[in-house]
Amino acid sequence: MRRFRREVFLFRMLATIFAVEAAFLVAAFIKCPDPEICPDLGARSEQLFGVAIATTLSLIGAQAINTKNE
């Protein structure tokens, strides 16, 4: 059985978060081209994905600290 590689998993998770965020932004701008109808798409996207990105980055940082202390 293959060993679970935490760093690879976390970096893939971070890349997935960015890809999903980009897909949501593209879909939002295509579906709602008028800024008066759908205001603040960028701010809404930032709020939606900010916590997920911060959590993943903190896990990557904790993994780096843990690896350094071993």
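Please treat every number below as a calculation from the coordinates, not as lab data. All figures in this text were calculated on a predicted structure; none of them were measured in a lab. Every residue, glycine as well, gets a Cβ built from its backbone with ideal geometry; the counts of neighbours run over all protein chains shown.
The table below lists the values:
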| read-out | value |
| --- | --- |
| Cα shape, region 6-69, gyration tensor, a/c 1.5 rule | prolate |
| Selected from ALA23, ILE60, LEU48, residue furthest toward positive end of dipole (region 12-70; charges at beta carbon) | ILE60 |
| J(HN,Hα) series, region 20-32, from Karplus relation 6.51 cos²θ - 1.76 cosθ + 1.60, nearest Hz, glycine and proline x | 5, 4, 5, 5, 5, 5, 4, 5, 5, 6, 6, 6, 10 |
| Whole-Hz ³J(HN,Hα) from phi, Karplus 6.51 cos²θ - 1.76 cosθ + 1.60, for region 34-50, glycine and proline x | 8, x, 6, 7, 10, x, 6, 5, x, 5, 5, 5, 4, 5, 5, 9, x |
| Approximate spin-label separation VAL26-ASP40, in nm, with each point projected 7 Å along Cα-to-Cβ | 2.7 |
| Size of charge dipole - region 6-69 - debye, nearest 20, with Cβ of Lys, Arg +1 and Asp, Glu -1, no other charges | 400 |
| J(HN,Hα) series, region 10-19, from Karplus relation 6.51 cos²θ - 1.76 cosθ + 1.60, nearest Hz, glycine and proline x | 5, 5, 5, 5, 4, 5, 5, 4, 5, 5 |
| Restricting the chain to trypsin sites (Lys or Arg not before Pro) in coil, as DSSP defines it, with at most 13 other Cβ within 10 Å | ARG2, ARG3, ARG5 |
| Helical mean residue ellipticity (222 nm; -39500 (n - 2.57) per DSSP H run of 4+; nearest 500) of the chain | -28000 deg cm²/dmol |
| Taking the chain and dividing mean pair separation by its residue count, relative contact order in percent (alpha carbons under 8 Å, at least six apart) | 51 |
| Of ILE37, ILE53, ILE17, the one that fluctuates the most in a GNM where the chain has Cα springs shorter than 10 Å | ILE37 |
